[in-house]
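Peer 1: There's a structure below that I have some questions on.
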Amino acid sequence: MNKMLGYLKDYKRESVLAPLFKMLEATFDLFVPLVMADIVNIGIAAHDFHYILVRCGILLLLAMIGLACSLTAQYFSAKAAVGYSTALRHALFEHIQTLSFTEMDTLGTSTLITRMTSDVNQVQSGLNLFLRLFLRSPFVVIGAMVMAFTVNSRAALIFVVTIPLLSVVVFGIMAATRPLYKTVQNRLDRVLGLTRENLTGVRVVRAFDKEKSEVERFENANDLLTKMQLHVGHISALMNPLTYVLINIAIVALLYVGSIEINVGGMASGDVIALVNYMNQILVELVKLANLIVTMTKALACAERVASVFDIGADAAYVGAQNQKLADKVDKSAPFLDFKHVSLTYQGAGAPTLQDMNFTVNRGDTVGIIGGTGSGKTSLVNLIPGFYPATEGEILLEGRDIRTMSDEELRGRIGVVPQKAVLFKGTIRSNLQWGKPDATEEEMWKALELAQASEVVDGKPGKLDATVAQNGKNFSGGQRQRVAMGRAIVRNPKVFLMDEPLSNLDAKLRVQMRIEIAKLHQRLGTTIIYVTHDQTEAMTLGTRIVVMKDGVIQQVDTPQNLYEKPCNLFVAGFMGSPQMNFLDATVKVEGDIANLVIAGHSIPLPPAKSKKLIDGGYDGKVVTFGIRPEDVYDSEMYIETSPQSVFTSTIKVYELLGAEVYMYF
């Protein structure tokens with residue numbers, strides 16, 4: 001909250017002048033009952049028409065000066081409130097851009113939109129009213145009581161009793177409604193979230209004939225919002241009747257005491273009128289104060305919601321270089337990209353999405369990441385530009401931990417083609433300039449040609465200056481995908497991250513794009529990390545392939561080795577490898593030799609492989625190995641018959657992954 005007040009620093013003058021001019025207006029208002037008392041006590045009592053006219057002139061003058069002060073105060077308060085809300089909204093938007101995907105997922109899009117619009121507007125209204133009334137209303141209430149003592153001290157004691165009772169009512173209602181207004185805003189978030197979800201997925205809703213169920217969902221959320229608003233409204237509505245009752249009781253008491261004082265000669269009839277006017281002024285100011293408190297209660301609840309977004313800082317793992325010496329240390333001999341036992345668990349998730357990612361990518365490699373739906377491919381790619389922070393392990397880019405790099409430095413080296421292509425409202429040129437702000441027209445056309453998008457752009461009126469609607473709605477899915485790819489290419493990054501970039505293209509374009517991506521790799525020597533479900537794409541483009549299942553790497557190897565020597569049944573089936581039989585064996589160590597025990601038969605391993613298993617502590621553990629029919633000397637594959645005739649003389653231990661050893665013959 002204190003940080004939010006800092007955005008008012010450019011409007012200090014307006015923030016001081018607005019309440020001061022309101023207090024000046026209130027000062028003139030406090031003199032009005034005294035003038036009225038003089039008119040009754042002197043002018044009317046003496047039938048002095050000239051005196052009455054002079055005093056009426058004074059009343060008119062006080063009214064004119066008060067109006068001028070009021071208009072001046074309104075101007076300064078509005079300027080301060082609007083300027084403050086503008087600065088706050090800009091700062092909030094800028095801060096949201098620094099949040100990691102984890103924090104964005106936690107908050108949710110709909111609540112961020114509400115906080116940037118509805119909540120900031122409510123804060124603006126509260127500040128505007130606060131600057132005008134926070135000094136004026138208390139000043140008039142206390143001033144009226146003081147002026148009442150100058151008229152008649154005994155009658156003024158009624159003010160001493162009434163004002164504390166009114167304060168209890170006003171501040172009691174404020175305390176009761178403040179937390180409820182937070183609930184109202186949270187339920188408003190829910191309604192906006194449902195609205196946004198429904199409008200975004202309107203085609204799916206209609207395709208499955210779910211209009212009625214969606215209307216019911218919306219009505220349920222809207223009913224909850226309405227009930228809470230009515231509940232808060234009922235409590236707030238008690239403000240006016242309770243204050244009016246207290247004021248009217250006080251006026252009755254004033255009239256009663258005044259009549260007694262007039263009878264004994266303690267005060268004149270005009271003094272009673274002055275006291276009643278002061279009581280009415282208190283009533284009017286308390287009504288204003290009640291409105292101020294209701295508005296301020298809403299504004300404070302909204303301000304806390306806005307402040308909670310500011311309290312969520314950029315993720316500590318990705319706040320830029322904290323140690324310049326570490327940031328400057330680059331190991332040129334290191335792999336281009338190195339995942340060292342990296343794991344990822346999304347916030348609030350019950351289990352890790354990625355576990356023990358351990359592989360390297362060399363400069364100029366084209367690495368295909370393949371696996372079934374939900375295997376963690378996109379999550380893996382999102383770790384590289386720091387969209388999500390790794391919960392365990394470290395990721396090195398050219399020998400540097402990416403946590404020591406600023407977002408600008410890290411993402412400046414990366415060209416991203418996301419799974420869902422997004423274009424922004426503007427022109428094709430402005431969208432391409434997201435990749436490179438100073439890109440020349442020649443560079444743009446070259447990038448579009450490589451992305452097979454030059455024909456699309458050339459066919460648009462205005463070509464590069466053709467209009468792009470919000471989210472690229474005036475482009476087909478394939479066109480958006482190609483322009484998005486051109487945006488990444490024009491950047492000429494050190495590494496491309498492509499998340500199923502050909503998913504929206506037809507078969508012919510997919511083949512052409514594969515060729516262009518291969519050419520791009522040859523021409524620029526750029527490292528490409530390519531996510532796909534299509535084994536053909538991965539086999540065609542990839543120099544190495546990472547096969548994933550349920551967030552765990554199954555095998556990392558060249559396409560040929562994956563095809564010929566899959567490490568397990570999943571990889572074999574996924575890569576369409578020739579038939580292979582996978583068998584389990586128990587490792588038994590005898591001296592310096594490790595043996596594989598299968599169905600009671602023992603097969604010794606060569607010394608080098610034995611040492612690897614012994615050093616790895618695999619004695620007594622079950623391991624898995626694969627064997628092809630062509631590797632079997634015997635015509636029948638029955639291990640129980642004669643193990644020595646079934647297997648080749650040399651057993652090759654292929655790769656160690658986790659607790660299992662995968663072996664080939």
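The values are calculated or read from the model by the stated rules, or taken from the named source; none is laboratory data. These figures come from a predicted structure and were not determined experimentally. Positions of Cβ are backbone-derived with ideal geometry, glycine not excepted, and every protein chain shown enters the neighbour counts. Note: areas computed on protein heavy atoms with side chains; ligands, DNA, RNA excluded. Shrake-Rupley method; radii C 1.70, N 1.55, O 1.52, S 1.80 Å.
Peer 1: Pairs needed: first member in region 421-447, at positive phi; second member anywhere, not basic (K, R); C-beta distance under 6 Å; at least 6 residues apart or different chains.
Peer 2: Matching pairs, first to second residue: G426/V468.
Peer 1: Something else now. Condition test on R491, is it open to solvent by 30 Å² or more (accessible area, probe 1.4 Å) and outside any loop (DSSP other than H, G, I, E, B)?
Peer 2: In short, no.
Peer 1: Hey, D407 hits all of (1) closer than 25 Å to T527 by Cα; (2) touching an Asp or Glu at 6+ places or on another chain (Cβ under 9 Å) but one; which does it fall short on?
Peer 2: (2)
Peer 1: Return the residues of region 312-349 that are at pLDDT 80 or above and open to solvent by 70 Å² or more (accessible area, probe 1.4 Å); say none if nothing qualifies.
Peer 2: K340, H341 - these are the residues of region 312-349 that are at pLDDT 80 or above and open to solvent by 70 Å² or more (accessible area, probe 1.4 Å).
Peer 1: Could you tell me which residue of region 350-377 is modelled with the highest pLDDT, considering only residues that are small (G, A, S) and exposed (fewer than 12 other Cβ atoms within 10 Å of the Cβ)?
Peer 2: Filtering region 350-377 for residues that are small (G, A, S) and exposed (fewer than 12 other Cβ atoms within 10 Å of the Cβ), the one modelled with the highest pLDDT comes out as A351.
Peer 1: Go over the candidates Q522, Q512, Q481 one by one and state the one that is touching a residue at least 40 places away in the same chain (Cβ under 8 Å), open to solvent by 60 Å² or more (accessible area, probe 1.4 Å) and either within 25 Å of D365 (Cα to Cα) or not in a loop (DSSP other than H, G, I, E, B) (or both).
Peer 2: Q512
Peer 1: Restricting attention to region 595-612, which residues are out of contact with any Leu (no Cβ under 7 Å at 6 or more places or on another chain) and of a type in the set (A, V, I, L, M, F, W, C)?
Peer 2: Within region 595-612, V597, A599, A608 meet the criteria.
Peer 1: So is R196 open to solvent by 40 Å² or more (accessible area, probe 1.4 Å) and either modelled with pLDDT of 80 or more or outside any helix (DSSP H, G or I) (or both) or not?
Peer 2: So R196 fails the test.
Peer 1: Sticking with this structure for a sec: Which of the following residues is out of contact with any Phe, Trp or Tyr (no Cβ under 6 Å at 6 or more places or on another chain) and under 26 Å from K377 (Cα atoms): T404, T427?
Peer 2: The conditions single out T404.
Peer 1: Does G386 qualify as being of a type outside the set (A, V, I, L, M) and touching a residue at least 60 places away in the same chain (Cβ under 8 Å)?
Peer 2: Here the answer is yes, as G386 does meet what is asked.
Peer 1: Of the residues in region 7-58, how many are in contact with a Lys or Arg (Cβ under 7 Å, 6 or more places away or on another chain) and without any contact (Cβ under 8 Å) to a residue 40 or more places away in the chain?
Peer 2: Total meeting the criteria: 2.
Peer 1: Considering only region 278-292, state which residues are more than 14 Å from F149 (Cα to Cα) and not small (G, A, S).
Peer 2: N280, Q281, I282, L283, V284, E285, L286, V287, K288, L289, N291, L292
Peer 1: Quick one: which of A155, A144 is farther than 24 Å from L292 by Cα and open to solvent by less than 30 Å² (accessible area, probe 1.4 Å)?
Peer 2: Among A155, A144, only A155 is farther than 24 Å from L292 by Cα and open to solvent by less than 30 Å² (accessible area, probe 1.4 Å).
Peer 1: Report, ordered by the first and then the second residue, all pairs with beta carbons closer than 6 Å, sequence separation of six or more or different chains, a first member in region 137-150 that is touching a residue at least 40 places away in the same chain (Cβ under 8 Å), and a second member that is surrounded by fewer than 22 Cβ atoms within 10 Å (Cβ to Cβ) and part of a helix (DSSP H, G or I).
Peer 2: These pairs meet every condition: S137/K288; F139/M23; V140/Q281; G143/L30; A144/Q281; M147/L30; A148/A156.
Peer 1: Let me ask another. What is the residue count in region 451-478 for residues that are at pLDDT below 80, buried (at least 16 other Cβ atoms within 10 Å of the Cβ) and assigned to a helix (DSSP H, G or I)?
Peer 2: So the answer is 1.
Peer 1: Here is a further query. Anything in region 389-416 that is open to solvent by 20 Å² or more (accessible area, probe 1.4 Å) and part of a loop (DSSP other than H, G, I, E, B)? List them, or say none.
Peer 2: A390, T391, E398, G399, S406, G412, R413
Peer 1: Please work out which residue is surrounded by the most Cβ atoms within 10 Å (Cβ to Cβ), limiting yourself to region 379-388 and to residues that are modelled with pLDDT under 85 and either small (G, A, S) or within 16 Å of V495 (Cα to Cα) (or both).
Peer 2: G386
Peer 1: Write out, first by first residue and then by second, each pair whose Cβ atoms fall under 7 Å of each other, whose residues are 6+ apart or on separate chains, and whose first residue, in region 550-574, is over 15 Å from M539 (Cβ atoms) while the second is among the acidic types (D, E).
Peer 2: Close Cβ pairs satisfying both conditions: C567/E655.
Peer 1: Scan region 120-140 for residues that are crowded, with 23+ Cβ neighbours inside 10 Å and closer than 15 Å to T27 by Cα and report the count.
Peer 2: Of the residues in region 120-140, 5 are crowded, with 23+ Cβ neighbours inside 10 Å and closer than 15 Å to T27 by Cα.
Peer 1: Could you pull out every one of the helices (runs of 4 or more DSSP H) wholly within region 7-117 that has 3 or more residues that are open to solvent by less than 60 Å² (accessible area, probe 1.4 Å) and of a type in the set (A, V, I, L, M, F, W, C)?
Peer 2: 12-38, 49-98
Peer 1: Right, something else. Out of all the residues in region 566-607, which are surrounded by fewer than 16 Cβ atoms within 10 Å (Cβ to Cβ), at pLDDT 75 or above and in a helix (DSSP H, G or I)?
Peer 2: The one that is surrounded by fewer than 16 Cβ atoms within 10 Å (Cβ to Cβ), at pLDDT 75 or above and in a helix (DSSP H, G or I): P607.
Peer 1: Tell me, please, whether a residue that is in contact (Cβ under 8 Å) with a residue 40 or more places away in the chain, crowded, with 16+ Cβ neighbours inside 10 Å, of a type in the set (D, E) and part of a helix (DSSP H, G or I) can be found in region 207-222.
Peer 2: no
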